[in-house]
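Asks: If you scroll down you'll find the structure; I have some questions about it.
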Amino acid sequence: MGHANALKDDLTALEALQFLTTIHSRPCSKERMEAALRRMGVFHRRKLPVRMLSQGQRRRVALARLALEEKPGFWVLDEPFDALDDAGLALVQELFVENARRGGTVLFTSHIRVQPEGLPLLELMLQGTRAA
Amino acid sequence: MSPMMAILARDLRLASRRPAEALLPVVFFVVAASLFPLGGGPEAATLKQIAPGIVWVCALLSSMLSLNSMYGSDYADGSLEQMLISQLSGVELAAAKCIAHWLMTGVPLLLVSPLLGLLFGLSWDSIGLMAFGLLLGTPILSLMGGMGAALTLGLRNSAVLILLIVLPLCIPVLIFGAGAVTAAESGLSPDGHFYLLGAMFLLSCLGAPVATAAALRISV
């Protein structure tokens, strides 16, 4: 997942999520997508066009893709905590933990220090062009 | 739904949510073509002679209008990146985008062209030939245009650059498309023109999506 949310302004949150899951060949039923949006706390906004959502809400819709994953995966995320409040941070870390428990790995960049509970975390601090 | 169909459906849905923007090329087509009788004098014989050329040039320019946004908005909000890293091949993505562009721009132009034919006083036979030529030619414009859009993605002045890249490539389409109608009106057979248009259509179907995919990988 990139830094940009990849959500089209004119699509509803549900339609945008559906598009992303389809092109990544992870077809989901509407119920599962709604459940993921509910988990991310944006269920009440699912029928609104994306341009009417706040930055934090858009990030949550984009991250809902992670809540739909059921297999262990290798996730590469660029600044996933951007625009999220504390509740959002906790939610994303929960998703990381679940993925790790399934056997997956998460590689992410962040300017916020996080410590997901009980997970081995390898931190790379980059200074200039070398890892310090 | 396959990823390719998903992209096509999404683009059509987005266009339907902004109908004014989607119909801009068609409006431009009609307005631009209507300017010629006003500027060049209403003499019927002259108009009838230059009508195919005018309609084709205006169709060409109208198709180019919506090219900028073909990949531009997806590039800006990160959707293009997601589409490229998915299992979808670049060629399928390019093909889906070109088909969407043709359905949104080429088909409306095609449907409106008989009106312009009547405006210029063309006979129904000529209108039919012109429409058939546009049926073959507008997909070529969408395919070539997609290639130009992918090449100029993210550059400044991309709108002008697209025109400079794509228009020269589309000159043969213009020549044979308009030439078919002119030939028929002079009593010659338009078949040769249509065969060549068909060949160009096949060539662009095979070549343009591949070139577009390569260009997208460079630009993103």
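Asks: Which condition number does B:R156 fail, the rest of (1) crowded, with 19+ Cβ neighbours inside 10 Å; (2) under 18 Å from B:D74 (Cα atoms); (3) out of contact with any Leu (no Cβ under 6 Å at 6 or more places or on another chain) being met?
Replies: (1)
Asks: Is region B:30-49 home to any residue that is under 25 Å from B:I140 (Cα atoms), more than 14 Å from chain A (Cβ to nearest Cβ) and β-branched (V, I, T)?
Replies: Yes, because at least one residue in region B:30-49 is under 25 Å from B:I140 (Cα atoms), more than 14 Å from chain A (Cβ to nearest Cβ) and β-branched (V, I, T).
Asks: Consider A:T12 carefully, then state whether it is among the β-branched types (V, I, T), surrounded by fewer than 22 Cβ atoms within 10 Å (Cβ to Cβ) and closer than 27 Å to B:E21 by Cα.
Replies: So A:T12 passes the test.
Asks: From the list A:T12, A:T22, which one is of a type in the set (V, I, T) and within 7 Å of chain B (Cβ to nearest Cβ)?
Replies: A:T22
Asks: Which residues, counting only those in region A:82-112, are free of Cβ contacts under 8 Å to residues at least 12 places away in the same chain, within 22 Å of A:A62 (Cβ to Cβ) and loosely packed, with under 12 Cβ neighbours inside 10 Å?
Replies: Hit for region A:82-112 is A:D86, nothing else.
Asks: Taking the criterion of being over 30 Å from B:L35 (Cβ atoms), without any contact (Cβ under 8 Å) to a residue 12 or more places away in the chain and of a type in the set (A, V, I, L, M), would at least one residue in region B:96-116 satisfy it?
Replies: no
Asks: Only one residue in B:S62, B:S2 is out of contact with any Asp or Glu (no Cβ under 9 Å at 6 or more places or on another chain) and either modelled with pLDDT under 90 or more than 14 Å from every other protein chain (Cβ to nearest Cβ) (or both), so which one is that?
Replies: Only one candidate qualifies: B:S62.
Asks: With A:M52, A:M40, A:M125, A:M33 as the choices, which residue is over 13 Å from the mean Cα position of the chain (by Cα) and either surrounded by 14 or more Cβ atoms within 10 Å (Cβ to Cβ) or under 26 Å from B:S86 (Cα atoms) (or both)?
Replies: A:M33
Asks: A further question on this structure: What helices (runs of 4 or more DSSP H) completely inside region B:15-88 contain at least 2 residues that are in contact (Cβ under 8 Å) with a residue 40 or more places away in the chain and among the hydrophobic types (A, V, I, L, M, F, W, C)?
Replies: Correct list: B:24-40, B:44-65, B:79-85.
The values are calculated or read from the model by the stated rules, or taken from the named source; none is laboratory data. The model shown is predicted, which means the values in this text are computed figures rather than measured ones. FYI the Cβ positions are ideal-geometry reconstructions off the backbone, even for glycines, and counts take in every protein chain you see.
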